[in-house]
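The values are calculated or read from the model by the stated rules, or taken from the named source; none is laboratory data. The model shown is predicted, which means the values in this text are computed figures rather than measured ones. All Cβ positions, even for glycine, are placed from backbone atoms using ideal geometry, and neighbour counts span all protein chains on display.
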Amino acid sequence: MWAYSFVVPFVAGKGGLSSNALQAVSPFRPDAAVSDICSSETTELADIDWDSLGFAYVPTDYMYTMKCARGGIFSKGELQRFGNIELNPSAGVLNYGQGLFEGLKAYRKEDGNILLFRPEENALRMKIGAERMCMPSPTVEQFVEAVKATVLANKRWVPPPGKGSLYIRPLLIGTGAVLGVAPAPEYTFLIYVSPVGNYFKEGVAPINLIVEHELHRATPGGTGGVKTIGNYAAVLKAQSIAKAKGYSDVLYLDCVHKKYLEEVSSCNIFVVKDNVISTPAIKGTILPGITRKSVIDVARSQGFQVEERLVVVDELLDADEVFCTGTAVVVSPVGSITYKGKRVSYEEGGFGAVSQQLYTALTRLQMGLTEDKMNWTVGLN
Ligand code: COI
């Protein structure tokens with residue numbers, strides 16, 4: 001347990017943790033900079049069972065918060081002890097769902113260095129989502145510096161190499177009180193972290209999906225293409241029904257024609273046929289996944305033809321392989337898909353050749369095990 005529990009002022013975008021302006025408010029080390037405290041007190045790994053990490057909430061040491069009035073700009077972010085936050089019952093996020101989230105991961109390398117993967121992409125996606133949700137957003141620089149500060153403050157929770165990653169969850173929520181339907185008068189940007197292992201209980205084994213053709217997660221003109229919290233509430237019903245029947249998750253169809261693939265509750269979908277990789281095009285109802293985009297680039301760099309287009313549900317019937325991508329799920333092979341009572345199975349018992357190749361290439365990059373020719377990783381020390 002750390003020796004102090006007071007707020008640590010941190011001005012994102014003003015030089016990060018190395019800035020002399022960043023002083024920890026600690027009764028024990030009042031003059032210590034955050035960077036000193038982080039480096040001296042987080043070298044010991046947290047005392048948890050690193051071998052049994054799943055994708056579940058584990059409370060850590062610190063969170064980051066930064067506030068902003070409607071029409072204003074974010075400033076004066078700070079690290080503070082991880083814990084509950086206070087919300088007015090009339091907060092915009094509670095009443096009208098005015099909120100966005102992001103997800104990214106930090107990996108620990110063998111040499112102790114910690115790597116982030118494309119954090120500026122999350123920052124940009126949050127900015128675009130904030131515009132759609134009528135919220136102010138942190139700048140890309142503020143976002144990235146805040147992520148770095150939060151990870152460094154919770155360094156002891158970054159799993160050892162090969163045991164998982166530190167999942168980073170930035171939130172942007174309307175915290176000001178509002179009664180009539182309107183943008184909230186105040187916003188909070190918050191980052192918390194949690195060590196994670198595999199997302200699906202299947203681990204790296206193939207998952208079993210069911211295609212949902214009645215309930216939809218997004219509509220044209222709606223918010224399916226931004227990472228708003230309501231998109232995830234919308235999938236809970238279909239997902240619960242599917243899980244109760246033994247499926248891993250749900251694959252959604254477009255709500256107009258009910259025949260084009262959209263995405264899975266928490267990830268994007270790819271279909272492989274004759275070595276051509278296809279994925280639904282981004283057209284407003286599908287989340288523009290950062291792993292999706294990275295896998296497309298990695299696949300193309302390895303010589304694959306990748307098509308972003310309308311993918312008809314019937315294409316699942318004679319696909320060679322199907323796989324999902326996302327920050328949480330990484331690259332997950334699909335073992336079977338059930339559509340209107342008909343079950344189609346793919347590679348028995350493991351990754352298909354294409355998804356295995358892409359999983360290996362992507363994760364070696366993310367973990368710093370291969371040269372980062374794309375310049376996607378950001379080292380923290
Ligand atoms: C992520 O992959 O980071 C996501 O946001 C999915 C989440 C709902 C677990």
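Odds and ends about this structure:
- Identity of the residue in the stretch 48-66, away from the ligand (no atom under 15 Å from the Cβ) and in a loop (DSSP other than H, G, I, E, B), that ends up farthest from Glu202 (Cα to Cα): Asp61
- Answer from Val140, Val178, Val151 - the residue that is more than 16 Å from the ligand (Cβ to nearest atom) and surrounded by 19 or more Cβ atoms within 10 Å (Cβ to Cβ): Val178
- Residues satisfying the stated conditions in the stretch 94-105, i.e. surrounded by fewer than 23 Cβ atoms within 10 Å (Cβ to Cβ) and more than 11 Å from the ligand (Cβ to nearest atom): Leu94, Asn95, Tyr96, Gly97
- Some residue of the stretch 207-226 being among the charged types (D, E, K, R), outside the structural domain of Leu115 (by the TED database) and touching a residue at least 40 places away in the same chain (Cβ under 8 Å): yes
- Of all the residues in the stretch 190-202, those that are within 14 Å of the ligand (Cβ to nearest atom), under 30 Å from Ala244 (Cβ atoms) and in contact with a helix residue (DSSP H, G or I) (Cβ under 7 Å, 6 or more places away or on another chain) number 0.
- Considering the stretch 321-333, the residues that are within 16 Å of the ligand (Cβ to nearest atom) and assigned to a strand (DSSP E or B) include one that is nearest to the chain's Cα centre (by Cα), namely Gly326.
- Test: residue in the stretch 286-295 that is of a type in the set (D, E, K, R), at pLDDT 95 or above and assigned to a strand (DSSP E or B): no
So that you can scan it fast, the table gives a plain yes or no per residue for (1) touching a residue at least 60 places away in the same chain (Cβ under 8 Å); (2) more than 16 Å from the ligand (Cβ to nearest atom); (3) not assigned by the TED database to the domain that holds Thr228:
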position	(1), (2), (3)
Tyr260	no, yes, no
Val271	no, yes, no
Ser294	yes, no, no
Tyr346	yes, yes, no
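Listed here are the residues, each with its yes/no results for (1) away from the ligand (no atom under 16 Å from the Cβ); (2) surrounded by fewer than 20 Cβ atoms within 10 Å (Cβ to Cβ); (3) not assigned by the TED database to the domain that holds Phe117.
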| residue | (1), (2), (3) |
| --- | --- |
| Thr188 | yes, no, no |
| Thr228 | no, no, yes |
| Gly246 | yes, yes, yes |
| Asp254 | yes, no, yes |
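- Residue among Val196, Val271 that is modelled with pLDDT of 95 or more and over 19 Å from the mean Cα position of the chain (by Cα): Val271
- Pairs are defined by a Cβ separation below 6 Å, a sequence spacing of at least 6 or placement on different chains, a first member in the stretch 241-256 that is over 14 Å from Ile207 (Cα atoms), and a second member that is modelled with pLDDT under 95 and surrounded by fewer than 21 Cβ atoms within 10 Å (Cβ to Cβ); the pairs so defined are Leu253/His213.
- Here Asp318 clears all of (1) closer than 24 Å to Gln366 by Cβ; (2) more than 16 Å from the ligand (Cβ to nearest atom) except the condition numbered (1).
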